[in-house]
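The values are calculated or read from the model by the stated rules, or taken from the named source; none is laboratory data. Fair warning: this is a prediction, and the values are worked out from it, not measured in the lab. Please note: Cβ atoms are built from the backbone with ideal geometry, for glycine as well, and neighbour counts cover all protein chains shown. Calculation scope for accessible area: heavy atoms of the full protein, side chains included, ligands and nucleic acids excluded. Shrake-Rupley method; radii C 1.70, N 1.55, O 1.52, S 1.80 Å.
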Amino acid sequence: MGYIDAALDHLRSVTSEVDATGRYEILDEIARGGMGTVYRALDRELGREVALKVSSLPGAGPDAEERLLREARVLARLEHPGLVPVHDVGTLADGRLFYAMKRVRGSRLDHHFAAEPSIPARLRTFERICETVAFAHAHGVIHRDLKPENVMVGPFGEVLVLDWGVARLRD
């Protein structure tokens, strides 16, 4: 590993530490992507688990912060059973933007389909995805990154379309 790789690894580890003093207590990391990291957290005020999506780097620039804020606003304006509700938005002590949302449980669509051999059951799940996307389209929002990794199927069959970070708003 070269000097640059070691420096990048160090920066990743430092920026992955979250100081969420106050309302949220970070429990562990759920996922990491290009725009940010999603953590499982405890909302101390309401006594429930939530997911916190935190921008990747402190001071990453107004574009990265604006994209995360836009994603939170898109989700907040789209109220539908197939979309994860946003509960809060704010800034961490280190200056990174975050938003809090429902903690999603279940399995990714590709994993769910691997365990579900029934074609009718798969089609019902697909229909729910289509209903969610149609709802977003009717409200002027295009997802632009719909793939099995961005769809979760919950333990009771609920279907949630995730990761609206590259969504576009139609005029």
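Quick grid of which residues meet (1) surrounded by 17 or more Cβ atoms within 10 Å (Cβ to Cβ); (2) modelled with pLDDT of 75 or more; (3) closer than 14 Å to MET101 by Cα:
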residue	(1), (2), (3)
TYR3	no, no, no
ASP9	no, no, no
SER13	no, no, no
SER16	no, no, no
TYR39	yes, yes, yes
LEU46	no, yes, yes
SER56	yes, yes, no
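Take the conditions (1) closer than 26 Å to MET35 by Cα; (2) surrounded by fewer than 18 Cβ atoms within 10 Å (Cβ to Cβ); (3) of a type in the set (A, V, I, L, M, F, W, C); LEU162 misses just one of them, which is (2).
Screening the stretch 93-171 for strands (runs of 3 or more DSSP E) wholly inside it with 1 or more residues that are basic (Lys, Arg) and out of contact with any helix residue (DSSP H, G or I) (no Cβ under 9 Å at 6 or more places or on another chain) returns the ranges 97-102.
Here PHE113 meets each of (1) modelled with pLDDT of 95 or more; (2) under 16 Å from VAL54 (Cα atoms) with one exception, condition (2).
For the stretch 18-37, name all the residues that are under 20 Å from the mean Cα position of the chain (by Cα) and modelled with pLDDT under 90. Correct list: VAL18, ASP19, ALA20, ARG32, GLY33, GLY34, MET35, GLY36.
Looking only at residues of the stretch 93-138 that are of a type in the set (Ser, Thr, Tyr) and either touching a residue at least 24 places away in the same chain (Cβ under 8 Å) or crowded, with 16+ Cβ neighbours inside 10 Å (or both), we find that the one that is nearest to ALA76 (Cα to Cα) is TYR99. Examine the stretch 63-75 for a residue that is open to solvent by 60 Å² or more (accessible area, probe 1.4 Å) and over 23 Å from ARG170 (Cβ atoms), and state whether such a residue exists. Scanning the stretch 63-75 turns up no residue that is open to solvent by 60 Å² or more (accessible area, probe 1.4 Å) and over 23 Å from ARG170 (Cβ atoms).
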